[in-house]
Every structure is written in C-alpha cells, then in structure tokens.
1. Please report Rg over Rh for the chain, where both radii come from the alpha carbon positions and Rh follows the Kirkwood definition.
2. If the chain between THR20 and ASP43 were fully stretched, how many nm would it gain, using 0.36 nm times the residue separation less the Cα-Cα distance?
Amino acid sequence: MLTGIKAQQNGEQEDEYEETEKKLSEELKMGEQQAEFAERTVDNLENKIDSLQGDLYKEKLNYRAISEKLDKTLQIMMSM
C-alpha cells in the first residue's frame, strides 16, 4: 500500500517537474526571441545614429561654406 502511494506521489511530482520544465523552456524561448529582437533594434538604432551623425556633419560643412560666402559678400559690400 505504501509503495502504491509513493509511486503515485512520485508520478505526480514527475508530472509537476515536467510541467515546470515545459514552462521554463517556453520562457527561455521567449527570452531568446526578445533578446534577438532587442539586438536587431539596437543595430537599427545604431545605423540610424550613424546616418544622422553623417547628415549633421554634412550640414555643418554646408553651414560653414554659406557663412564663409556671406562673410566674403559682406566684405565686398563694405569695401565698396
């Protein structure tokens, strides 16, 4: 009788362990998917930052060129 009860308890405990293992495996899979998505998002954001920094640099150069032209134009006007 005790052997039957122990076997039943062991079976129930084994079922609980299997269920826990299944839940943990699903959580691991979801965590890995979230990590992959986060990595792709970071890569995309880094690329966007690089692009924006490049655009900013170009605009600064453009601003400098316009400022120099404006300075030269004002110098010419002042010397007239």
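1. Values: Rg = 34.1 Å, Rh = 19.3 Å.
Checking Rg against Rh, the ratio lands at 1.77.
2. Working: separation 23, 0.36 × 23 = 8.28 nm, distance 3.43 nm.
The span from THR20 to ASP43 would gain 4.8 nm if fully extended.
Values in this text are rule-based calculations from the coordinates and carry no lab data. Nothing here was measured: the structure is a model prediction, and the numbers come from that model.
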